[in-house]
Amino acid sequence: MERANNMMRLHNFRPRPGSRHRVKRLGCGESSGHGKTSGKGHKGQKARSGGSIRLGFEGGQMPLIRRLPKRGFNNAAFHKHYAIVNLDTLNAFKSGATVNEQTLREFKLIRGDFEGIKILGGGELKHGLKIEADKVSGSAREKIEKAGGTITLREPSARLESPRHEDVDLVKEGDAKVGRKKKATSRSPAKAKKTSRKS
């Protein structure tokens, strides 16, 4: 009988001891144990309803995160972001259709700014499509060709093809030519003055 009485049933469910806390009742006066101001103190921004201070704010002085020295290199600023498109999402296009950045934006399959489009092999492609993208995975290429479609990789933009150091050299050469011209023009009036004095 004792074992049967100790069994857990719907009528004797209880939370684990210590897992639940008594609710902190505010605004009930000094007798509630939280003081007349409900634990908020006297006046100030923190005492107001809706008043909050963002994380890291130090009252207007230079915050710690900005005072600490920054060391090392982070490649996040130079990371190229690609729009990811899986094969199963391309089934929305009709058979033989051309899939490129313009059509993908029209179907709202990609949005925002990115460096290029990358096709991944998620899902199955039901029919052949003419796909134009910047990158494609090996599995995606196999599935596209198996479905009777084609994949064409777009050429990189011209600004990426031209090396930056050549542009710098051209600017330097142009500056040197301009400087030489300025010197030549500055000397000519002096020579004219000398000739006029001799005469």
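Worth pointing out:
- Residues satisfying the stated conditions in the stretch 80-91, i.e. open to solvent by 40 Å² or more (accessible area, probe 1.4 Å) and either touching a Ser or Thr at 6+ places or on another chain (Cβ under 6 Å) or part of a strand (DSSP E or B) (or both): TYR82, ILE84, ASN86
- From the options GLY56, GLY27, residue that is part of a loop (DSSP other than H, G, I, E, B), of a type in the set (Gly, Ala, Ser), in contact with a Leu (Cβ under 8 Å, 6 or more places away or on another chain) and loosely packed, with under 10 Cβ neighbours inside 10 Å: GLY56
- Residue check for ALA147: crowded, with 16+ Cβ neighbours inside 10 Å, closer than 15 Å to ASP88 by Cα, touching a His at 6+ places or on another chain (Cβ under 7 Å) and modelled with pLDDT of 90 or more: yes
- Candidates HIS11, HIS21 - the one that is over 30 Å from PHE114 (Cβ atoms), open to solvent by 100 Å² or more (accessible area, probe 1.4 Å) and either among the aromatic types (Phe, Trp, Tyr) or not in a loop (DSSP other than H, G, I, E, B) (or both): HIS11
- Residues of the stretch 92-122 satisfying the condition of being more than 26 Å from the chain's Cα centre (by Cα) and either exposed (fewer than 14 other Cβ atoms within 10 Å of the Cβ) or at pLDDT below 90 (or both): ALA92, LYS94, SER95, GLY96, THR98
The values are calculated or read from the model by the stated rules, or taken from the named source; none is laboratory data. All values reported here derive from a predicted model rather than from experimental measurement. Glycine also receives a Cβ, built like all others from the backbone with ideal geometry; neighbour counts cover every protein chain displayed. In case anyone asks, the SASA skips ligands and DNA or RNA and just uses the protein heavy atoms, side chains included. Shrake-Rupley method; radii C 1.70, N 1.55, O 1.52, S 1.80 Å.
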